[in-house]
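To start, the structure under review is shown below, and the notes come after it.
The values are calculated or read from the model by the stated rules, or taken from the named source; none is laboratory data. In this text, all values refer to a predicted model and were calculated from it rather than measured experimentally. Note that each Cβ is placed from the backbone with ideal geometry, even for glycine, and that neighbours are counted across all protein chains shown. These area figures cover heavy atoms from the full protein model, side chains too; ligands, DNA and RNA do not enter into them. Shrake-Rupley method; radii C 1.70, N 1.55, O 1.52, S 1.80 Å.
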Amino acid sequence: MATEPSSSSSTDPLLELLLPHLPPSTPPLDPTISSTYLSRLSSLSLSSVFDTEPSSLSATAHSINLNLQKLSSRSHKSLIASSHHLSAVPSSTTQLANSLNSLHTSFPNVDAQISSFTTSFARDGAHLQHRQKSHLLARNLDRLLDILQLPTLLQSLIASSSYPTALDLLAHVRRLQTLYPASPTILSVTAECDTLQKSMTANLIATLRGPLKLPTAMKTIGFLRRCSTQSQLDERGLRGLFLVCRCAFLSSLLEALEPLRRLADEEKQRRAHSAGDSGSGGGGGGYGGGTQTERYLKRWIEVFREQSFSIVSMYRSIFPNTLPSPSYSDSSPSSPIIGSSPPPSFPESLPRGRIGTMRSRSSSTLSTISSGLVEDDPDGGQPPDPLASFVLHLVGRLTETLGGYLSSVEERGVRESLLTQVLYAAGSLGRLGGEFGAILGVVECFGMMRQDEDEEDGGGGVDGEEEWVNVVAKHKVLASRLETLAGRG
């Protein structure tokens with residue numbers, strides 16, 4: 001124990017003595033290694049230090065040099081790589097420290113962004129819902145385009161008069177509206193199709209108001225019946241619509257006779273002026289004997305006969321069945337009827353007894369017309385078939401025209417010819433249940449009574465009635481002959 005301090009204390013001065021003699025290129029000495037070697041050196045004898053220690057150091061240095069050479073030869077690549085990595089360690093450590101500081105600084109901002117993202121893109125958030133709608137729109141784009149093109153397709157179908165396909169397309173739109181009642185797109189398409197449906201209905205009604213044949217009429221009524229499933233037009237309204245349209249067509253044909261009617265009116269005025277001059281002793285000239293009136297009435301009766309028979313027969317073919325018996329708890333039996341018109345009026349100038357007789361005869365005929373076309377329900381609450389009112393309307397127009405112009409025809413033969421044409425019209429319409437010949441006596445008396453009253457005191461009404469009776473008798477004889485010839489044929 002006593003020697004260690006002495007040796008330790010002796011090595012330090014020894015090292016101090018040796019340091020000046022070391023070469024300048026000597027690397028710094030490791031204190032532990034130098035103290036160990038100096039301790040060993042101090043333990044040797046002086047002769048050993050001079051004799052054996054240099055050779056021993058030389059051998060040790062040579063051995064270390066060989067080991068270093070072997071190590072360099074064997075692991076020089078690893079050593080070079082390790083040296084490079086080792087030289088990069090300080091800079092990498094500095095960068096790591098800076099990155100850690102930057103990351104630590106950015107943690108609050110990252111946390112705030114995460115919170116904002118979580119809040120904005122929640123499952124019930126607006127962004128995700130908009131994204132879902134966009135994806136849904138992208139997947140169903142072709143279907144939406146097909147739906148949006150439905151109004152354009154319907155318009156082209158209506159323009160080309162492809163009504164069956166157009167009605168099928170409208171039914172498809174109704175199904176879409178039922179399936180998706182809250183869809184703004186479906187509601188918009190439905191509104192456009194409803195507008196186009198009104199246009200199609202107007203086209204069909206215009207078809208009914210023009211020249212028409214039975215096949216076209218049946219197709220048109222079938223199309224209107226399919227259109228009326230979405231509207232308030234029932235079967236009774238459809239029948240009334242048909243009659244109103246055909247009545248408008250009849251009126252257009254009769255309005256085409258306006259030039260002849262103006263001539264007849266002028267002739268009627270000349271007749272009245274001539275009668276006034278004769279009554280005052282002026283001796284006015286003749287007015288033509290009713291030639292223009294005859295032309296007008298003849299053409300008017302021809303149009304009336306042809307069209308009335310065509311309308312009623314077409315109606316019977318299109319609507320062969322009677323109307324059902326709905327309950328009319330909210331309406332009275334006397335509700336207005338499409339195409340209805342009051343029965344023909346009677347002049348107050350006729351004697352009361354003859355007026356009553358003719359009224360009873362006319363009312364019985366009109367009741368026969370109505371009873372043949374109408375079937376009332378047991379409670380009496382069902383409105384009549386529109387055809388009954390339409391026939392009465394036709395008879396009213398006929399009586400109005402004959403009552404206004406027949407008196408202007410002076411020649412008895414011409415009047416009989418015109419009345420015979422009227423009887424033919426009554427007979428043709430009578431084959432369909434609309435015989436109105438019995439009321440023509442009243443119409444004939446309109447003209448004859450006015451003529452006789454102008455001449456004398458009104459007693460010529462009997463002659464007018466006899467004239468009418470003769471016309472009817474001749475017509476019956478001619479009709480029986482025609483039936484006989486038809487039976488023989």
Counting only protein heavy atoms, what percent of the accessible surface of the range 111-219 is carbon or sulfur at a 1.4 Å probe? 59
With every protein chain present, what accessible area does Asp146 have (1.4 Å probe, heavy atoms only), rounded to the nearest 10 Å²? 100
Let's see if you can work this out: charge +1 on each Lys and Arg Cβ, -1 on each Asp and Glu Cβ, no other charges. What is the dipole magnitude of the range 97-190 about its Cα centre, in debye to the nearest 20? 140
Identify, among Leu212, Asn140, Asn109, the residue whose Cα sits farthest towards the positive end of the charge dipole of the range 102-251, taking +1 on the Cβ of Lys and Arg and -1 on the Cβ of Asp and Glu, with the dipole about the Cα centre. Leu212
At what distance in nm do the modelled label points of Gln149 and Ser63 sit from each other, each positioned 7 Å from its Cα along Cα→Cβ? 9.9
Leaving out ligands and nucleic acids, note down the accessible area per residue over the range 143-258 with a 1.4 angstrom probe, in whole Å². 53
